[in-house]
1. What number, in percent, do you get for the relative contact order of segment A:295-372 if the mean sequence gap of Cα pairs under 8 Å and at least 6 apart is divided by its residue count?
2. What are the extents of the Cα atoms of segment B:60-130 along their three principal axes, listed from largest to smallest and rounded to whole Å?
3. Find the relative contact order for segment B:47-170 and round it to a whole percent, using C-alpha pairs within less than 8 Å whose residues are 6+ positions apart.
4. Calculate one ³J(HN,Hα) per residue across segment A:111-121 by plugging θ = phi - 60° into the Karplus curve 6.51 cos²θ - 1.76 cosθ + 1.60, and present them in order as whole Hz with x for glycine and proline.
5. How large is the accessible surface of B:LYS165 in square angstrom, using a 1.4 angstrom probe and rounding to the nearest 10?
6. Would you mind checking which residues have amide H under 5 Å from B:LEU167's amide H? H placed 1.01 Å from N; only 5 or more apart, or other chain.
7. Express in whole angstrom the spacing between the alpha-carbon centres of segment A:63-119 and segment B:103-174.
8. What does the charge dipole of chain A about its Cα centre add up to, to the nearest 20 debye, if the Cβ of each Lys and Arg holds +1 and the Cβ of each Asp and Glu holds -1?
Amino acid sequence: MPRTSLALSLVLAILTLAPAAIAGSDTGDVEIHGYGGWSYGRSNADANRYLASSEDGDARYVNLAIALASCPSDRVRISTQVWWEAEPGEEESATVDCAFAEWRVSDALRLRMGQVKHPYGIYTEVFDVGTIRPFFWLPQSVYGPSGTVAESYRGVGLTGSVFAAGIWRFEYDLYGGEMSLEAQDIAAVFATEEDSSGTADAEAPGEGDIRDLVGGRLTITVPGPEVRIGLSAYTGREKGSACERHSCLGAHVEYLSDTWSLRSEYTLLKESAKLTAAAAYVEVARRLGSSWQIAGRVDHSDTRLEDVDASAAPSLLDHLDITAGLNYWFHPDFVVKLSSSRVDGNRFAWPEDEDIRAAIAGDGIRRQTRLVSLGVQFAF
Amino acid sequence: MGSADRLVSSRWGCNLRSERARGRSLRIYVLGVVAIALLLASGAPRAEDHPDFLVVVNTANPVRSLTTEDVSRLFLKKVTAWASGQQVLPVDQSENSSVRAAFTRQVLRRKIAAVKAYWQQRIFSGRDLPPPVRTSDAEVIRYVEANPGAIGYLSNGTALGEKTKVLELLGTVR
């Protein structure tokens, strides 16, 4: 049985057999939650692959996650999540997003073990939960296939929160283990040219494993308006390499009210001496009444390769995405999102292989991509 | 701009555009951060004088009063243990009930939709689960009487059970 079918069968079996406890948990019950979405994307540049779109329009992107959680005692919590995704041009995939157990010593100290959601920045722990953000797609500079963040780590972590002076809330995470990052080996595109093989392969995003991982996040909730300010960082070694260090440092700020949501992040990624990438975005949304919401976002990243001549296709290292959106919330658990994006650069609006080969041969790359996206996202 | 203009092959052209793009995005980023700061500096929520609900605990609980901020922290599970060390067990009412709307507005100081978004964030990050929901005042009383660490809220004027007591709410109820 294919892996996807096996995972879906497992989820269906769990949904059928588990006690119905969707409305809220008591100790010992299994709670079942989930989220999903569908999107249609139309771009002006078939040559650039960006966020499940095509020039003729593409409606094949669908995702679904089922999360199960239980508290067998007042100190133990078990969390699992299975994820299924169908994406244009890719094989359907089903994966385990997380599966971990938590032991609560106190509010200030909780021990987590297993495959745990990666505590980094604002969105890593809720990567695809569309009902708590204004756009269907996350800002690609930080959350795209840039090798910056992972959805989960495998290992052991500590987390907790404390109030200081009665009003300031400090939340921390410390973790160690390993994780898998989705990233394009962008240096290889140019390195192949140097090898004169003539077959520059613009590989689709692949997974790179980071081992000997240590990281942490500190978030401070400021008294008064609900403002959260945080710092995140991790470092590890690339698997299969004795000395290739992969490190990331970031800062974020988030303000949420009934009307406004404002989020911003900055990250700096360094892969040993071969790559440095800086990324930042600002995302603002405002509710208009109980159903309508308008949103805007500017998302930018700048990648630099060391000892690699990228002058033949420098746009492969740049990304600037300006997006405006209009959402209609039928319910807090169900939203329709329409957005329009203007993208300059090809870091994430990735060209077809032949276009990259042509660019390296001197023919240039189409830098600009425009995208209109219509999506539905829900949660339960 | 024609499509030919968008095809950039010149190294210098690319670099110039890239530098302009970086400068533009930096300006927009700074403006965004300034906008955030201005918004944060504005407005405090309006205050109301009288709560439309009673906050109740089990009579075995020695606590007699709490601030609205304390109650908010307990219901959002930002604090999960009483001073005695016993686990706090908040219990919610149905989303459609008027008492929940009043409690959410006056204690949690958010709309129910915002509180739902908060719990979605907590659930899917694997950090916590929302309080169990009971569909009537009578069911909340039963839950509180069955769990010494429980805390719930009732419609104002509800008759209490033998093992239920009302907490005094300190501070401004908004």
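The values are calculated or read from the model by the stated rules, or taken from the named source; none is laboratory data. Treat the numbers as computed from the prediction; the structure is a model and nothing was measured. Every residue, glycine as well, gets a Cβ built from its backbone with ideal geometry; the counts of neighbours run over all protein chains shown. The accessibility values were calculated without ligands, DNA or RNA, using every heavy atom of the protein model including side chains. Shrake-Rupley method; radii C 1.70, N 1.55, O 1.52, S 1.80 Å.
1. On the way: 131 pairs, mean separation 23.9, N = 78.
Value for segment A:295-372: 31 percent.
2. Per principal axis, max minus min of the Cα coordinates gives 33, 29, 18 Å.
3. Relative contact order, segment B:47-170: 47 percent.
4. Each residue's phi maps through the Karplus curve to give 9, 10, 9, x, 9, 10, 4, 6, x, 8, x Hz.
5. Counting only protein heavy atoms, the figure is 50 Å².
6. B:VAL55, B:VAL56, B:VAL57
7. Each part's Cα centre sits 26 Å from the other's.
8. 1440 debye
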